[in-house]
1. Which residues, counting only those in the range 1-24, are within 19 Å of N77 (Cβ to Cβ) and more than 16 Å from the ligand (Cβ to nearest atom)?
2. Among the listed residues L164, L159, which satisfies the condition of being under 24 Å from the mean Cα position of the chain (by Cα), part of a loop (DSSP other than H, G, I, E, B) and either under 24 Å from V51 (Cα atoms) or of a type in the set (A, V, I, L, M, F, W, C) (or both)?
3. Using the structure shown, decide if I56 is part of a loop (DSSP other than H, G, I, E, B) and β-branched (V, I, T).
4. Which count do you get for residues in the range 50-60 that are more than 15 Å from T189 (Cα to Cα) and among the hydrophobic types (A, V, I, L, M, F, W, C)?
5. Can you tell me which residues in the range 12-24 are touching a residue at least 12 places away in the same chain (Cβ under 8 Å) and farther than 21 Å from G65 by Cα?
6. Condition check: assigned by TED's automatic domain parsing to the domain that holds V152, among the β-branched types (V, I, T) and away from the ligand (no atom under 16 Å from the Cβ). Does I50 satisfy that?
7. Read through the list (1) surrounded by fewer than 21 Cβ atoms within 10 Å (Cβ to Cβ); (2) within 16 Å of the ligand (Cβ to nearest atom); (3) over 11 Å from the mean Cα position of the chain (by Cα), then give the number of the only condition that V229 fails.
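The values are calculated or read from the model by the stated rules, or taken from the named source; none is laboratory data. As the structure is a computational prediction, the values presented were derived from the model and not from experiment. In this analysis, Cβ positions are derived from the backbone assuming ideal geometry, glycine residues included, and neighbour counts consider all displayed protein chains.
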Amino acid sequence: MASITLNNLVKKYGDGFPAVNGVSLDIADGEFVILVGPSGCGKSTLLRMIVGLEDITDGDLQIGGARVNEKAPKDRNLAMVFQNYALYPHLTVAENIAFPLRLAKGKFSEDEIQRKIRRAAETLELTDHLDRKPGNLSGGQRQRVAMGRAIVREADAFLFDEPLSNLDAKLRGQMRTEIARMQRRLGTTTVYVTHDQTEAMTLGDRVAVLRKGELQQVASPRALYEQPVNLFVAGFIGSPPMNFMPGEVDGDRITLPFGSFPMPEGIAAAVGDRRLVIVGLRPEFFEDASLMEESKRARGETFGTTIDVTEWLGSELYAYVPFETHPDVAAKLEELDRDLDGEGMRSQFVVAVDSASRVRDGDDT
Ligand code: ATP
């Protein structure tokens, strides 16, 4: 196993805008790091640079402390699992798993190969399918074979490129848990690319958010959610996304499109002496005033609104409430079987998330 260090990595295709633009990231030995971001942000390119499938235009890449910029992919001892699994259709599951071992001609005895196949199959619950061909397997089983091939190599790190995106929702959930369990059991350094934020938030020790080839923030899932460094991260992480609206600060109060509120604790310092800020309200920061105790309601600032549309997700209920300038503010409701006509709601709003300099600079998010 090994650490992976990216030091100011740049990738330019032709003369165009860099697909990866100065990314630095230290991935510790055994760590599980997720690369996430919208389509085209450069996450696959970055992964392919690590594994050696793309040349590095500039910067340093180290694996286990040694610079590997010029090393061929086969000499980096990394195992990559692709979206389409890249299995050989004419080989059995056992032979697919054994493939990298046979490729290292003569390095492993036949006994050793068989033992490694058996162990990987047990880990991945493939023992009963070893004689089958990939065409006769489900998507999830194929995925596991691809992982088996990565495991037997005893690679220094696993690199996953959107491995679950071809699976249906249920299987995706199962495989997500399997990957998390396997990674914990093996303790292998893992870099995992996805644009699915559930995967990003549930799988990794840390999540690296990319945008237009640049790293925005690297943090634990919780820190990303609670302390996003800019509007992009704040809006990207969370579903339904954070509601953004302009706020005007006046002393210890702040005015939003739907009313004026006392400045929440902890926000004043972030706001500093700025007057115009962008306020981010997570859906769960809203509270249904009609469910509150009278004493609490009397203390708070409530505002009335009609609920436009509701979205019931089984364990969660979201209401979309219209305000003059913001027709689609998402608010999470506490009580699932609530009669939803014309409820008053109270906002416990928090956070002017973005640094105001970015807002003033005309950041387009
Ligand atoms: P997705 O989630 O859609 O796969 P991504 O974040 O993985 O996107 P990349 O595939 O890394 O993004 O692409 C980053 C940028 O580099 C994009 O603008 C893409 O068009 C460009 N790009 C990727 N591969 C090449 C290539 N071989 N030649 C030229 N440009 C490329």
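1. M1, A2, S3, I4, T5
2. Working: L159 fails: part of a loop (DSSP other than H, G, I, E, B).
On inspection, the qualifying residue turns out to be L164.
3. On the way: part of a loop (DSSP other than H, G, I, E, B): yes; β-branched (V, I, T): yes.
In short, yes.
4. Within the range 50-60, the first condition is being more than 15 Å from T189 (Cα to Cα), and the residues that meet it are 52-60.
Narrowing further to those that are among the hydrophobic types (A, V, I, L, M, F, W, C): 53, 56.
Residues in the range 50-60 being more than 15 Å from T189 (Cα to Cα) and among the hydrophobic types (A, V, I, L, M, F, W, C): 2 in total.
5. Result: K12, F17, P18, A19, V20, N21.
6. Numbers: assigned by TED's automatic domain parsing to the domain that holds V152: yes; among the β-branched types (V, I, T): yes; away from the ligand (no atom under 16 Å from the Cβ): no.
So I50 fails the test.
7. Going through the list (1) surrounded by fewer than 21 Cβ atoms within 10 Å (Cβ to Cβ); (2) within 16 Å of the ligand (Cβ to nearest atom); (3) over 11 Å from the mean Cα position of the chain (by Cα), V229 breaks only (2).
For (1) without any contact (Cβ under 8 Å) to a residue 60 or more places away in the chain; (2) hydrophobic (A, V, I, L, M, F, W, C); (3) crowded, with 19+ Cβ neighbours inside 10 Å, each residue gets a yes or a no:
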{"site": "A146", "(1), (2), (3)": "no, yes, yes"}
{"site": "F158", "(1), (2), (3)": "no, yes, yes"}
{"site": "D161", "(1), (2), (3)": "no, no, yes"}
{"site": "L164", "(1), (2), (3)": "yes, yes, yes"}
{"site": "R172", "(1), (2), (3)": "yes, no, yes"}
{"site": "T177", "(1), (2), (3)": "yes, no, no"}
{"site": "Y192", "(1), (2), (3)": "no, no, yes"}
{"site": "G204", "(1), (2), (3)": "no, no, yes"}
{"site": "L210", "(1), (2), (3)": "no, yes, yes"}
